[in-house]
Amino acid sequence: MRRNKAESLGDILRQFLRQEGLETPLNERRMVSAWSEVMGEGVARYTGEVFVKNGVLYVQLKSPALRSNLMMSRDLLVRRLNEFVGAQVIQNIIFR
């Protein structure tokens, strides 16, 4: 018996997650985890709480100098983080 419309398991899982409303929370969780990986240990050392709410990534930083440096490259960081996760999860980053 042969199937004509074979789908990959990844596609089937993505469809299921989307239908059940689990895709967005999963991507938000991946985004929080991606912060340390994308930014590296140096920045992660000065990072406190990181969370996503309404398409905005909130990052608590312990260094005012680091905060002002990262604010200047905010658009680039949004693109890099979204590319790392593989979905358009955030539109902005707010550093606290």
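A few notes on this one:
- A 1.4 Å probe run over the chain, with the rest of the protein chains in place, finds 73 Å² accessible per residue.
- Put simply, when 67-78, 50-61 are sorted by average Cβ atoms within 10 angstrom per residue, most first, you get 50-61, 67-78.
- Point-charge dipole on Cβ atoms (K/R +1, D/E -1) for the chain, about Cα centre, debye to 20: 60 debye
- Relative to the longest principal axis of the Cα atoms of the chain, the long axis of helix 23-45 lies at roughly 40 degrees.
- Applying Stokes-Einstein at 4 °C and 1.567 mPa s to the Kirkwood radius of the chain, computed over alpha-carbon pairs, gives a translational diffusion coefficient of 87 µm² s⁻¹.
- Among the protein heavy atoms, those of residue 28 account for about 50 Å² of accessible surface (1.4 Å probe, every chain in place).
- Helix 74-85 axis versus longest C-alpha principal axis of the chain: approximately 30°, rounded to the nearest ten.
- Between 0 and 90°, nearest 10: helix 9-19 axis offset from the chain longest Cα axis: 70 degrees
The values are calculated or read from the model by the stated rules, or taken from the named source; none is laboratory data. Given the structure is predicted, the values throughout are model-derived calculations rather than measurements. When we count neighbours, we look across all protein chains shown, and the Cβ atoms used for this are built from the backbone with ideal geometry, even at glycine. Side chains included, ligands, DNA and RNA excluded: accessible areas come from the protein's heavy atoms. Shrake-Rupley method; radii C 1.70, N 1.55, O 1.52, S 1.80 Å.
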